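Here's the structure we're looking at; comments come further down.
The values are calculated or read from the model by the stated rules, or taken from the named source; none is laboratory data. In this text, all values refer to a predicted model and were calculated from it rather than measured experimentally. We place every Cβ from the backbone using ideal geometry, glycine too, and count neighbours over all the protein chains shown. Quick note on the areas: whole protein, heavy atoms, side chains included, nothing else; ligands and nucleic acids left out. Shrake-Rupley method; radii C 1.70, N 1.55, O 1.52, S 1.80 Å.
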Amino acid sequence: MRSHPIQQRNRVTPDELLEHGIRTRREVLGIDLPPPAAGTEAFFNAYADSVLRWCWGEVWNRPGLDRRSRSVATLAILVTLGKQEELRLHVQAALRNGLSAEEIREVVLHSTVYAGVPAGGSAFQTVLATLKDLGELSKEAS
C-alpha cells in the first residue's frame, strides 16, 4: 500500500498524522473534539479520520500559506458555498488566526462579488451575529 505524500516527505506515520491533525484542528478552531471512536461508528469514522489526517494534519500545515491566509481562503469558500454553520466556526478561527473583524467583513464583501448577493447577504448575517456573540462588535457598530 502506498503511503500518503506527507508521510513520504516527512516520514510521518498515519498515527502521527492523525495526532497532528487533532492538534491543528484544536489550535485553529479552538475546540477539542475527540478523535473518531474505534469500531462503533466505523462508517462515519472513515470520513472523520480522513478529514483529520488530510485536511487538518496535512493541508492546514503545508508551507505555502500561513494560517491567516488559509482562513481568508476558507471564509471565501464557505461564503460561496453558503455553509453558514461552518462559516460561523471559521469566523472564530479567522479571529484566532489574526484577522480583524474589519478584514473578515472585507473578505465577505469581496466574496459577495463572485458568489452573488444572496450568498453574501446570508454570510453577512452569520458573520455579524458571530462577531456580536464573540464581543468583537458593539451593537452600535452594526
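Scan the stretch 93-130 residue by residue and report those that are buried (at least 19 other Cβ atoms within 10 Å of the Cβ) and either at pLDDT below 95 or within 16 Å of the chain's Cα centre (by Cα) (or both).
Listed by number, the residues that qualify are A93, A94, L95, L99, I104, V107, V108, A123, T126, V127, T130.
If we keep just the residues of the stretch 131-142 that are under 19 Å from V28 (Cα atoms) and aliphatic (A, V, I, L, M), which is least open to solvent (accessible area, probe 1.4 Å)?
Once the filter is applied, the top-ranked residue is L131.
Mind checking which residues of the stretch 47-86 are over 23 Å from V113 (Cβ atoms), among the basic types (K, R) and touching a residue at least 24 places away in the same chain (Cβ under 8 Å)?
Those that are over 23 Å from V113 (Cβ atoms), among the basic types (K, R) and touching a residue at least 24 places away in the same chain (Cβ under 8 Å): R53, R67.
Tell me the residue from R62, R23, R70 that is charged (D, E, K, R), under 15 Å from the mean Cα position of the chain (by Cα), open to solvent by less than 40 Å² (accessible area, probe 1.4 Å) and modelled with pLDDT of 90 or more, please.
R70
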